[in-house]
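Inspection log for the structure reproduced underneath, given as structure tokens.
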Amino acid sequence: MKFLFIFILSVTQLYSTDNHYNISSEKIINYAHAPVANSAPTLQDYKNIDLLYVQQNHVKEINKKIIQIAQGKKDKTYVQNNNQNYQYNFTNYKKVETPIEINNSRIYFGNLNITKNKSVFLRIYVKSSKLGNLFAPKVKITYKGKTYLQTFEEDTKGDRYINLSHLDISNNSELKIEGKFASIKNQTGYLYVFDNPNLNNKKILIVAPHPDDAEIAAYGLYSQYAKNTYIATITAGDAGSNHKYNNVFNGRKNQHIAKGKKRTIDSLTVPVYGGVHPDNLINLGFFDSKLYTMFQSKTSEVSAKYIDSKNIDIFRQYNISPLAKNLNGKSNWLSLVNNLRYILDTVKPDVIITVHPELDSHVDHKYSSVALFEALEKSSLTEGQLFFYTNHATNSEYYPYGRVSEAITLPPVYNNSIYLNSMYSHVLSNQREKVLALESMSDLRFTKQGSLFESTCKKTPHIICKDYSYMRRASRLNELFFIVDIKNLDHLLDIQ
């Protein structure tokens, strides 16, 4: 009877859904673009930008692809398409794929000339065993005396990508590959090797929808290149569901003002721990959970979800960076786009790290990138690269699968729809430092169970309790980015 109860509980959790990230079905019709700036703007340039935008807007009609990107689909907490192949289109990269044989659980690397500073992925067919229908199937990799695991969804059946970037593969070496709760038969796999970008002396701008998104996605990268990193956080994070301070402050308004203040200050201080200069950190102070509403109304001011205020200076006042002096505008979409345009034209980044709107299911995440795309169209920036990430994978909120000792590999994608020019698996040099940075972010640290380090899932069988915490999902061996050249942004959006 006890086993039957556990089994029913497990199946219920396995097929539960999360409606938190549903997006309205209203279509995006117009995509507005203001004139391109010839030089970095001043405060005076932006004083009358609302009027300029309304009078001289240039409209591009965009096709169903960008509509789907911005709208998204109903997110299910656990993947329901586990029997389909992951499908990625790498044909925009200079070398598509290299076939490689798997015989008797062995892969022999001949003269492939895989030098250092590469991101390497292996596509193979994986099929869950009967136990793999209940327990997460894993691929076990043994190379040069070290063993690594790569976990996938329960009941997996199809092509999957194994991240080998951290192995430092050399010519004429051998790799052992086995399945745990899964079978890997003799087959022809395909190896994808991407050149890692050289980020030395490159200006990096991270656009984060909320406080902590930059740390979840890219703390390892930005702390390594901290001297040239800028972080622009769009919202104050005042409406998040974790830890509402209801035991500290009376009244919902006061609780969410305190929450927004705390998270805003987090976004301006935690990156300093990673070496980023305070002058390079800015929070735009827009209200959490309101970006889609702003997008719909364009020039109308939007109130905070719980604070009953339209004044974004409630949170902007905590900025200390000189960048904040030229921030202006109100709580509307137009101001957001123009603020981002101002930052782009002032910082002039070589690399912009932002959310992939097709791979991330969170509404604010999607529309933060839509705002960035509009700002790019307005700005003077024409060169550089976009590094995309996902913190809420569209087809599975539980992604990345497995434990903190595992690498992050490609998320579930089934239709070859993702446009990219390259992939980058940034191997973390100090995983422990990222753990401390994540713990410093108040909304990640505090849960109903207390610290995420003390999550009850840590002591519970995987089949009964799934750990959705970012301590498991983000503090990994690597950080993963989908690269698109800024000059190819129209291809990403598929603009006609």
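Rounded to the nearest 0.05, what FRET efficiency do Gln187 and Lys116 give with R0 = 30 Å and r taken as the Cβ-Cβ distance? Could you check? Present the calculation step by step, with values, prior to reporting the outcome.
On the way: r = 28 Å, r/R0 = 0.93.
Using R0 = 30 Å, I get an efficiency of 0.60.
Sorted by mean Cβ packing within 10 Å, highest first, what order do the peptides 407-420, 280-293, 93-106, 338-351 take? Present the calculation step by step, with values, prior to reporting the outcome.
On the way: 407-420: 19.1, 280-293: 24.6, 93-106: 12.6, 338-351: 22.2.
Put in order of decreasing packing, that is 280-293, 338-351, 407-420, 93-106.
What is segment 131-191 by shape, rounded, prolate or oblate, if you read a ≥ b ≥ c off the alpha carbon gyration tensor as root eigenvalues and call it rounded for a/c under 1.5, prolate for a/b larger than b/c, and oblate otherwise? Please list the in-between numbers first.
Numbers: a/c = 2.20, a/b = 1.77, b/c = 1.24.
It is prolate, given that a/c is not under 1.5 and a/b is the larger ratio.
Within the set Lys202/Lys298; Lys138/Lys202; Lys253/Lys366; Lys116/Lys378; Lys180/Lys203; Lys146/Lys366, which residue pairs have Cα atoms separated by over 31 Å? Walk me through the numbers on the way to the answer.
Details: Lys202/Lys298 33 Å; Lys138/Lys202 37 Å; Lys253/Lys366 27 Å; Lys116/Lys378 38 Å; Lys180/Lys203 43 Å; Lys146/Lys366 39 Å.
The answer is Lys202/Lys298; Lys138/Lys202; Lys116/Lys378; Lys180/Lys203; Lys146/Lys366.
The numbers here are math on the coordinates, done by the rules we state, and not lab data. This structure is a prediction, so every number in the text was calculated from the model and none was measured. Cβ sites come from the backbone with ideal geometry, for glycine too, and all protein chains shown count toward neighbours.
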